Amino acid sequence: MIRIYASGPSRSRRVLWACEEAGAAYEVVEMAWPPSTTTPEFLKINPAGTVPTMEDGPIRLTESMAICEYVSRKHGSDMVVEPTDPGYYEYLEFAQFGEATLTAAGAWARRFGPHSPGILADAREAFGRRIAVIERALSDGREFLTAGRFTLADLSVGWAVTRAPGWGLDDLLPPATRVYDDRLRGRPAYRRAYGLAPAAG
Ligand SMILES: N[C@@H](CCC(=O)N[C@@H](CS)C(=O)NCC(=O)O)C(=O)O
């Protein structure tokens, strides 16, 4: 069975969410925070000391989006958009943007912001500019970022959007992105991944 090393609301939730969307069976090893120093034996599994980390037989992966793609492909989920599908490059762009660009600004705010008002201001400004990319895409009324369905691009960007309150950045979410945020939070798979009761109605 797929084993996920996870910790609280970290990026490991993106992976649990992917497993729930794909209908994958998985087990969670919940780690103390930070996983590198409070659980030193974990460094033998992942020298970077980061979560999520996944083991499935001989396969070991430590990047959340790589794990989401692995789980999706293994379970035949339509969350993957193939290079031969229409809109593939839009999908590729958003799937990379969510982790590499949007999440980065949120992580600066959470990790370094408390030590320096200047860094926090810079991180907030960066997050505000970066979320404008998502707002522009969603302002045509689309439900999901690309391909007319929920894809790995939504898992990538959506994890960062739904994490914004935990980073103290939710006041920066623009209107269409707020509607998208609500839509994602209502998904049964999201709610299971976060241990939340099913959405009302
Ligand atoms: N790009 C990686 C980032 C992994 C990462 O930095 N995870 C954070 C939690 S969200 C972590 O484990 N930080 C602990 C540390 O840096 O010591 C991914 O998407 O999985």
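The values are calculated or read from the model by the stated rules, or taken from the named source; none is laboratory data. Only a predicted model underlies this, so the values are computations on that prediction, with no experimental measurement involved. Neighbour counts are summed over all protein chains in view; Cβ atoms, including those assigned to glycine, are modelled from backbone coordinates with ideal geometry.
Below are the figures for this structure:
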| item | result |
| --- | --- |
| Close pairs from region 25-40: first within 23 Å of HIS75 (Cα to Cα), partner of a type outside the set (A, V, I, L, M, F, W, C) and within 13 Å of the ligand (Cβ to nearest atom), Cβ under 7 Å, at least 6 apart | VAL29/TYR5 |
| Any hit, region 60-75, residues being in a loop (DSSP other than H, G, I, E, B) and either small (Gly, Ala, Ser) or modelled with pLDDT under 95 (or both) | no |
| Neighbours by Cβ (under 6 Å, 6+ apart or cross-chain): first from region 4-16, touching a residue at least 12 places away in the same chain (Cβ under 8 Å) and under 18 Å from PRO188 (Cα atoms); second near the ligand (Cβ under 9 Å from one of its atoms) and not in a helix (DSSP H, G or I) | SER12/VAL51; SER12/PRO52; VAL15/PRO52 |
| Filtered residue count, region 5-24, keeping only those that are in a helix (DSSP H, G or I) and either touching an Asp or Glu at 6+ places or on another chain (Cβ under 9 Å) or near the ligand (Cβ under 10 Å from one of its atoms) (or both) | 5 |
| Residue in region 97-113 that is farthest from ALA132 (Cα to Cα), counting only those that are part of a helix (DSSP H, G or I) and away from the ligand (no atom under 11 Å from the Cβ) | GLY113 |
| Residue match in region 149-160 (condition: touching a residue at least 24 places away in the same chain (Cβ under 8 Å), of a type in the set (Gly, Ala, Ser), surrounded by 20 or more Cβ atoms within 10 Å (Cβ to Cβ) and at positive phi) | no |
| Output for region 25-55, where each listed residue is surrounded by 13 or more Cβ atoms within 10 Å (Cβ to Cβ), of a type in the set (A, V, I, L, M), outside any strand (DSSP E or B) and touching a helix residue (DSSP H, G or I) at 6+ places or on another chain (Cβ under 6 Å) | VAL51 |
| Conditions (1) acidic (Asp, Glu); (2) touching a Pro at 6+ places or on another chain (Cβ under 6 Å); (3) buried (at least 21 other Cβ atoms within 10 Å of the Cβ): number failed by GLU135 | (3) |
